[in-house]
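The values are calculated or read from the model by the stated rules, or taken from the named source; none is laboratory data. Small disclaimer: the values here were computed from a predicted structure and weren't measured. Note that we place each Cβ from the backbone using ideal geometry, even for glycine, and neighbour counts take in every protein chain shown.
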Amino acid sequence: MRLLAVLILFVITVTPAHAAPRIVGGEVVDDAGEVPWMVALTTSSGHQFCGGALLGPGQVVTAAHCVDDRTPGSITVVGGRLDLRTDGGSTSVAASYELVEGYSTPSRGKDIALLTLAEPMPYRTLPVAAAGVHMNGSVGVVYGWGRQAENDTDKSPLLHKAYVPIMADEQCAATYARYDAQAMFCAGYPDGGIDACIDDSGGPFVVGGRLAGIVSWGIGCARPNAPGVYTRVTTYLNAAS
Ligand code: ARG
């Protein structure tokens, strides 16, 4: 009995925190070289509320819904920092941002914004996927500092990532009446379990080392038959030739 109790205690205490589900069902990113272009959007007091990616030294792509109710000067972009408890990397407020004409709400599409930074950042930027890139069935990587479960209240300060396959448009349309294949794509598993979640919005969905999607919306997080919905970046941005 005593041995069993000790054993249970051992298992509880030595199960490393990073073995627990992250993003939802993901893992900690511990190599900064994998994500030089990853940025966090924070308030001036350092509270993280969205993700984003550097497209140019002074240009960040994120979701429109991350910024549309904020003034540029109230958005502090943090680059070069995986652990948000540290003060590594660099920060800059946004000098301005641009939305796509006609954006209203994520479920109607156009959920993308370009921020211009007051101070450019010295990190490698993320190339945009080429138009017509093969998407359906491809596995992408989504990155963020968001919740690790739908009802999680304390988030991890460490960047997480998860691998999720892109679903066929028909499958997505069968789940979401508002699905618009030109503006969006969805990614996830029929059984759920792995997904982006609250505060991952605006973060990049990367296919083959290129930006293909932006975390936009979903129903809850990682639920069965409720894939995450991403902005289809190739509809709004051109790949540099
Ligand atoms: N809208 C959420 C945010 O603002 C992100 C939702 C993504 N949800 C999902 N199940 N993939 O952070």
- Item | Residues located in region 116-148, provided they are within 16 Å of the ligand (Cβ to nearest atom), among the hydrophobic types (A, V, I, L, M, F, W, C) and under 21 Å from A183 (Cβ atoms) | V142
- Message: Looking only at region 96-143, filter to residues that are polar (S, T, N, Q) and at pLDDT 95 or above; which one of those is nearest to F185 (Cα to Cα)?
- Response: S107
- Out of (1) in contact with a strand residue (DSSP E or B) (Cβ under 6 Å, 6 or more places away or on another chain); (2) surrounded by fewer than 24 Cβ atoms within 10 Å (Cβ to Cβ); (3) without any contact (Cβ under 8 Å) to a residue 60 or more places away in the chain; (4) not hydrophobic (A, V, I, L, M, F, W, C), the one S138 does not meet is (3)
- Message: It is to be established whether one or more residues within region 172-186 are touching a strand residue (DSSP E or B) at 6+ places or on another chain (Cβ under 7 Å), within 10 Å of the ligand (Cβ to nearest atom) and closer than 21 Å to L159 by Cα.
- Response: no
- Considering each residue of region 40-59, count those that are away from the ligand (no atom under 16 Å from the Cβ) and crowded, with 19+ Cβ neighbours inside 10 Å, and give that number. 2
- Tally of residues being within 12 Å of the ligand (Cβ to nearest atom) and either of a type outside the set (V, I, T) or more than 16 Å from the chain's Cα centre (by Cα) (or both) across region 190-223: 19
- Residues of region 217-240 being of a type in the set (S, T, Y) and closer than 18 Å to S138 by Cβ, which ones? Y230, T231, T234, T235
- For region 122-131, does any single residue satisfy the condition of being assigned to a strand (DSSP E or B), touching a strand residue (DSSP E or B) at 6+ places or on another chain (Cβ under 6 Å) and of a type in the set (F, W, Y)? no
- Item | Selected residue (criterion: nearest to the ligand (Cβ to nearest atom)) from residues of region 224-241 that are within 19 Å of A149 (Cα to Cα) and surrounded by fewer than 20 Cβ atoms within 10 Å (Cβ to Cβ) | A226
- Restrict the check to region 59-67 and report whether at least one residue is at pLDDT 95 or above, part of a loop (DSSP other than H, G, I, E, B) and under 26 Å from M184 (Cα atoms). yes
- Expected output for region 185-208 (first residue at positive phi and free of Cβ contacts under 8 Å to residues at least 40 places away in the same chain, partner more than 7 Å from the ligand (Cβ to nearest atom) and of a type in the set (D, E, K, R), Cβ below 6 Å, 6+ apart or cross-chain) is G192/R223
- Note on T153: of the conditions (1) on the phi < 0 side of the Ramachandran plot; (2) within 16 Å of the ligand (Cβ to nearest atom); (3) assigned to a loop (DSSP other than H, G, I, E, B); (4) at pLDDT 95 or above, unmet is (4)
